[in-house]
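Working notes, structure below.
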Amino acid sequence: MSWQNIISNKMRSFLTILGILIGVTAIIALITIVQGVTNEITSQFSDLGANSVSVQVSGTPLKAGLNDGDVKLLEEIDNVESVSPTLSVNGVVEREGTVKEDAAVQGRNHIYFENYPDTVIRGRNLTILDMDSRNKVCIIDEVISNELFFGTDPLGKSLRINGLSFTVVGISGEDSNTSVLQPSADENGKIIIPYKTAMSMSGVGTIHSLEIRIADSDRTDETVASIEASLDKAFSNKEDSYHLTNMDQLLDTLDSTTDMLTTMLAGIASISLLVGGIGIMNMMLVSVKERTNEIGLRKALGAEPKRIQFQFLIESIFLSLFGGMIGVILGVTISWAAAALLNIGLSLSISAIALGVGFSGAIGIVFGWAPARNASKLNPIDALRGV
């Protein structure tokens with residue numbers, strides 16, 4: 001009987017469930033899309049610096065930066081997997097009369113290429129022999145390759161950096177390793193050379209940037225404390241001599257921020273559900289008014305108040321759940337379309353679906369209870385007065 005009453009008033013029923021439908025759709029779509037974007041960002045952060053600690057050295061008046069001995073001590077710390085120093089200088093690059101100024105020259109060691117094996121797309125990586133022998137070899141990006149070696153294969157060819165001759169041994173692709181831990185490529189082109197060669201070439205005998213990889217992520221806090229102790233000793237406990245960035249802490253902050261954002265969006269979407277619940281209550285109150293004679297007749301024939309209350313409550317729950325189910329279908333569809341458009345993985349949240357359906361069912365019970373109770377309390381004589 002409840003279902004028959006719903007389908008006999010199709011337009012009114014549709015308008016009533018519209019608020020529930022929109023609310024459930026919004027909750028599922030927003031939470032799923034935010035979760036998908038969060039997973040994508042977290043994945044990129046993890047790929048670019050999982051279990052990594054970045055150290056930026058400002059130094060002191062007595063000690064401008066770290067030396068090879070300090071780096072060696074950091075490598076010997078328990079649970080430190082590797083240490084990759086970076087030196088960045090601007091260089092004037094020249095080949096056969098073609099000059100390119102302000103190219104980004106980065107000095108790195110062989111560990112960097114072990115951490116980021118996809119850096120070189122052609123040729124070879126820099127090796128430990130290049131470091132120890134201070135070889136004048138380099139890896140250039142496609143900007144330098146196109147401008148200085150247009151129409152020719154640069155591998156094995158020579159170019160001059162700040163007046164010194166270097167042999168090209170590799171070509172790097174797009175800088176997919178850019179992160180808070182990695183200096184970004186310069187628009188004027190990027191060249192990677194052995195870091196010890198960079199120290200000799202620039203006359204800078206100290207290191208100001210390090211990336212430290214941690215072996216066991218469960219011992220990150222302990223390892224970071226040991227790193228800080230080593231750096232404090234290197235700079236005689238001078239404050240502000242270095243800045244340490246822990247990638248795990250950044251990921252935790254990111255997770256906390258996105259959780260707050262998800263909760264806020266779910267709360268905003270829930271307002272639609274409350275509006276839908278008010279719509280259901282309004283429709284049920286109108287329905288009780290319209291069916292006063294029917295209620296009076298049923299009560300005169302012996303229908304118990306709880307039976308009448310249950311019938312109207314079932315109508316309210318039907319409307320809520322029906323709107324909730326359509327909302328789930330629309331929410332999943334919108335989430336799938338958004339994932340395809342944003343080129344991210346679809347991360348359906350079961351909790352979001354359960355929240356939407358559960359909330360819609362609860363709305364039906366809460367907002368349908370008062371009209372159902374009013375119907376059950378009608379006096380049969382008053383209800384039959386208009387028959």
For this session: Go through (1) surrounded by fewer than 20 Cβ atoms within 10 Å (Cβ to Cβ); (2) within 36 Å of the chain's Cα centre (by Cα) one by one and return the number of the condition SER133 breaks.
Result: (2)
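Okay, residues lined up against (1) assigned to a helix (DSSP H, G or I); (2) touching a residue at least 12 places away in the same chain (Cβ under 8 Å); (3) more than 27 Å from SER43 (Cα to Cα); (4) in contact with an Asp or Glu (Cβ under 6 Å, 6 or more places away or on another chain):
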| residue | (1), (2), (3), (4) |
| --- | --- |
| MET283 | yes, yes, yes, no |
| GLY296 | yes, yes, yes, no |
| LEU341 | yes, no, no, no |
| ILE353 | yes, yes, no, no |
| VAL357 | yes, yes, yes, no |
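Working carefully through the options LEU87, LEU73, find the one that is at pLDDT 85 or above, closer than 19 Å to GLU211 by Cβ, surrounded by fewer than 20 Cβ atoms within 10 Å (Cβ to Cβ) and over 28 Å from the mean Cα position of the chain (by Cα).
Values: LEU87 fails: surrounded by fewer than 20 Cβ atoms within 10 Å (Cβ to Cβ).
Just one listed residue meets the conditions, LEU73.
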For this session: Read through the list (1) open to solvent by less than 70 Å² (accessible area, probe 1.4 Å); (2) at pLDDT 80 or above; (3) touching a helix residue (DSSP H, G or I) at 6+ places or on another chain (Cβ under 9 Å); (4) closer than 16 Å to GLN35 by Cβ, then give the number of the only condition that ALA354 fails.
Result: (3)
For this session: Collect the residues in segment 30-64 that are at pLDDT 80 or above and at positive phi, keeping them in residue-number order.
Result: GLY59
Exercise. So which residues in segment 183-201 are open to solvent by less than 10 Å² (accessible area, probe 1.4 Å) and at pLDDT below 85?
Worked result: GLY189
Problem set entry | Residue match in segment 141-152 (condition: in contact with a helix residue (DSSP H, G or I) (Cβ under 9 Å, 6 or more places away or on another chain) and buried (at least 18 other Cβ atoms within 10 Å of the Cβ)) | no
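Are any residues in segment 245-262 surrounded by fewer than 16 Cβ atoms within 10 Å (Cβ to Cβ) and closer than 27 Å to THR60 by Cα, and if so, which ones?
Residues of segment 245-262 that are surrounded by fewer than 16 Cβ atoms within 10 Å (Cβ to Cβ), as a first pass: 245, 249, 252-257, 259-261.
THR245, GLN249, listed by residue number.
Among the candidates ALA229, ALA266, which residue alone is part of a helix (DSSP H, G or I), small (Gly, Ala, Ser) and free of Cβ contacts under 8 Å to residues at least 60 places away in the same chain? Let's see the steps before the verdict.
Numbers: ALA266 fails: free of Cβ contacts under 8 Å to residues at least 60 places away in the same chain.
Answer to the check: ALA229.
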Exercise. Which condition number in (1) assigned to a helix (DSSP H, G or I); (2) open to solvent by less than 40 Å² (accessible area, probe 1.4 Å); (3) at pLDDT 75 or above is the one that ALA370 fails?
Worked result: (3)
Problem set entry | Test: residue in segment 114-121 that is surrounded by fewer than 17 Cβ atoms within 10 Å (Cβ to Cβ) and at pLDDT 90 or above | yes
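Identify all residues within segment 133-148 that are farther than 14 Å from ILE191 by Cα and touching a residue at least 12 places away in the same chain (Cβ under 8 Å); write none if there are none. Before the answer, list the steps.
Start the filter on segment 133-148 by keeping residues that are farther than 14 Å from ILE191 by Cα, which leaves 133-135.
Result: ARG134, ASN135.
The values are calculated or read from the model by the stated rules, or taken from the named source; none is laboratory data. Bear in mind the structure is a predicted one, so any value in this text is a computation, not a measurement. Please note: Cβ atoms are built from the backbone with ideal geometry, for glycine as well, and neighbour counts cover all protein chains shown. Surface areas here come from the heavy atoms of the whole protein model, side chains and all, with no ligands, DNA or RNA. Shrake-Rupley method; radii C 1.70, N 1.55, O 1.52, S 1.80 Å.
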